Amino acid sequence: MADINVKQLSKVIKIDLESLLAQMSAAGLSHKSENDVVSSDDKKVLLKFIKDNKKGIKKTISLKSPKSETKSNLSVTRINSPNSDKKNEAKQDFKGSIDFDEAERKRLNAQNESAEEEKKKAEAKTKVVRKSKQEPQKKAPQNLKKDKKTFKDSSKHDQREKEGEKFLEKNLENVQKFEKPQEFVQKEVKIPQTIVVSELAKALSVKSSDLIKSLMNNGVMVTLNQSIDQETAILVVEELGHIGIPYDLESEEEKILENITYEGNEEPRNPVVSVLGHVDHGKTSILDFIRKSSVADQEEGGITQGIGAYQVDHEGKTITFIDTPGHAAFSEMRARGANSTDIVVLVVAADDSVQPQTEEAFNHAKAANVQVIVAVNKIDKPDSDLEKVKGDLSKMGLVPEDWGGDTQVVPVSAITGDGIDELIESITLLADMLELKTNHDGPASGVVLESGVKKGEGAVATLLVQRGTLNSGDFVLIGDQFRKIRSLKNYLGTQIKVSEPSTPVAISGLEFPPNAGQEFIVVKDEKAAKSLSEERANKRRDNRLAKKSVASLDGIFAGAGESAKPAVNLIIKTDTNGSAEAISGAINNLKVEDAKIKVVLEGVGPISVNDVNLAVASEAVILGFNVRSDSAAESLAEKEDISIQYFGIIYDLLDAVKEVIEGSLDPEIKEVTVGIAEVKDTFKSPKFGFIAGTIVTEGSVVKNLPIRVLRDNIVIHEGKLDSLRRFKDEASEVKSGTECGIGIENYNDVKVGDKIEVFERTETARKI
């Protein structure tokens, strides 16, 4: 049995520390401090002392005998112990500290001892007391009624004493079973790049306060919910006697990838072609002609606003096309298209030549080291200039083959179909030269092209399988989520079971829409994949918290200058993740010096009641792009006077944002001097009050306009022209060179020689 200290003993037997030390001192024990060790023998001495002191309390129970005519009393007396005088104070403290009712409750709830054992102990300890109670009952049952109150109280008190003794004995026995850890347990803890203080404390099984104290000793001032870097965490862990193991998320990802094996040799795969170019140069129209469809007619405003993936069969060969938007806001989409493709078809309009997005698209292709074929569209237009286009392409570094370069330039017309076959042949020829191969057997991997939320399906994502085979029911790891694929659909929306390399496919069953551009992989080891997804989620959370912290610091230093600026808060809800990303980026790129623009929420899916409540709290405007609000959200928005605007074209949305910003800006105020009058005399009129006699020296003096009084070219008063008279007649306007009387509203301190300047203010709305 292990020994415990005085403090632990006091907690177990429910006696305050000071009273317990007093009792131990009275019992002859040498314990003076809460940390003094209490041995098994000490516990026995203490228990015996407590029992003896209880028995030393004198109490008498009087019972009358029914057979005796004389009054005789039977007394049961508890004699105080010899040292009672010395220990009286200790007894009183102890007596007041024990709650026998509480002891009774705890006794009844105890489960460690059998009922039979409790009964035997109770009978053994109270044998004498029971005997003394039974004898008077036999002798004097008639007199019992007279002394009923005394007996009842005494019996109850005795019972409570017995239960208290049993409670103490029982708890002392339990204390003796307590085993204190004899040795320090050293732990090995994996430390990621960043870790929250509370999580580190939990992993080490130490108090957060102790960990924070150790960090403070090392010069690191943090709170419970803040993150620390890997180096600092390892230092503190080792200081506390444990072992910190650096945990690299990337290395863990590499380990999982290393465990994924592919069977068989690499086999040929279909080429993946991205169509890039400036907005309205005919990218989608070319694809429509190739696919014999009319996708362009179905798109809002005739422009592509998301990544579309299609497959085309040509002479027994399948080509996967990825259509990307050309608007400046969709730069990230074009970059993803270039990075996930084998060949880039750069579309340039023959009548418009090279434009900013054309150059940007080419730079994306060059950065991704992807082969480029140029399709010069709209050659059917009368103002087309093919040679000018070739010249502009050469300046970019794309020298046509007929100019001595190595770039294939194919003139086409999406309207007539001229050159389309030549373009496809160029693509297939280049694909054959590249000898595109990959593993078809094994877990699938690839990239997320687009994602969003669909009614009835939840979160969905368009994936491009680049390696292996994707099956319905596979567990896929995308970013920080690990989910089972519920369904697979091809580009036509048809349900399929299997998707091979170079194939675009839509999946459902995700927890939330993943970020476009994220890589995915099918993982068989569910435990490892879940662990990795959790680590990714923690990293994303830490990064988000770090950004918030930086933003807060920036706000502290910039708050003084920004406080005067009007704030424009926006909530953006879109149909796809890519669109949300593009719109948010375009809004943040708006340079407005006199206003603060903040995207409060950027999300995917329909506008909900929660979005409206957030708009109420943040005083934001809700912008919906290709989404709508439900009836509950619409009603709440109307009730709370929250503006919800819907858009299908990104140009219109950005224009609306500009209008909202312009509406929040203070108008530009311009002042135009209308006329100046010089004061020649002053006088009082019984009817009109104080009047300044003036002569108009410049312009005209007009009634009811604001005025300034100038003395020595210094403004001494600014107010309003109250009355204007020409002799005795009231006038609305007095022109230059004419004398007039001027009355100024609530001002009579005009002197001879002062000038009265009449001016007019005009407000002009601000534009960005």
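Quick note: the coordinates plus some simple rules give every number you see, no bench work behind them. These numbers were taken from a predicted model, which means no experiment stands behind them. Note that each Cβ is placed from the backbone with ideal geometry, even for glycine, and that neighbours are counted across all protein chains shown.
In table form, for the structure just shown:
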quantity: Evaluated at q = 0.18, 0.23, 0.31 Å⁻¹: base-10 log I(q)/I(0), Debye formula over Cα of the stretch 188-247; calculated: -0.48, -0.84, -1.72
quantity: Cα shape, the stretch 668-764, gyration tensor, a/c 1.5 rule; calculated: prolate
quantity: Coil-residue trypsin sites (Lys or Arg not before Pro) of the stretch 434-465, DSSP, other Cβ within 10 Å capped at 16; calculated: 455
quantity: Proxy reagent accessibility, fewest Cβ within 10 Å first, across 651, 747; calculated: 651, 747
quantity: Where labels lie 7 Å past Cα in the beta-carbon direction, separation of residue 188 and residue 695 in nm; calculated: 10.5
quantity: Cβ-derived FRET efficiency at R0 41 Å, residue 619 paired with residue 435, nearest 0.05; calculated: 0.10
quantity: Residue 383-residue 670 FRET efficiency (beta carbon distance; Förster radius 56 Å; 0.05 resolution); calculated: 0.80
quantity: FRET efficiency, residue 632 to residue 454 (Cβ-Cβ, R0 22 Å, nearest 0.05); calculated: 0.65
quantity: The stretch 668-764, relative contact order [Cα under 8 Å, separation at least 6], %; calculated: 41
quantity: Cα centre as origin, Lys/Arg/Asp/Glu Cβ charges: the stretch 565-664 dipole, Debye; calculated: 240
quantity: Members of 283/489; 292/437; 687/720; 317/524 lying beyond 22 Å, as alpha-carbon distances in this model show; calculated: 283/489; 292/437; 317/524
quantity: ³J(HN,Hα), Karplus 6.51/-1.76/1.60, whole Hz, each residue of the stretch 453-465, x for Gly, Pro; calculated: 10, 10, 5, x, 10, x, 6, 10, 8, 9, 10, 10, 6
quantity: Ranking of 276, 393 by count of other Cβ atoms within 10 Å, fewest first; calculated: 393, 276
quantity: Relative contact order [Cα under 8 Å, 6+ residues apart], the stretch 565-664, whole percent; calculated: 33
quantity: Residue exposure sequence - 24, 221, 396 - by fewest surrounding Cβ within 10 Å; calculated: 221, 396, 24
quantity: Charge dipole magnitude, Cβ of K and R +1, D and E -1 - the stretch 653-744, Cα centre, debye nearest 20; calculated: 660
quantity: Label point distance in nm, residue 394-residue 659, each placed 7 Å from Cα along Cα→Cβ; calculated: 4.7
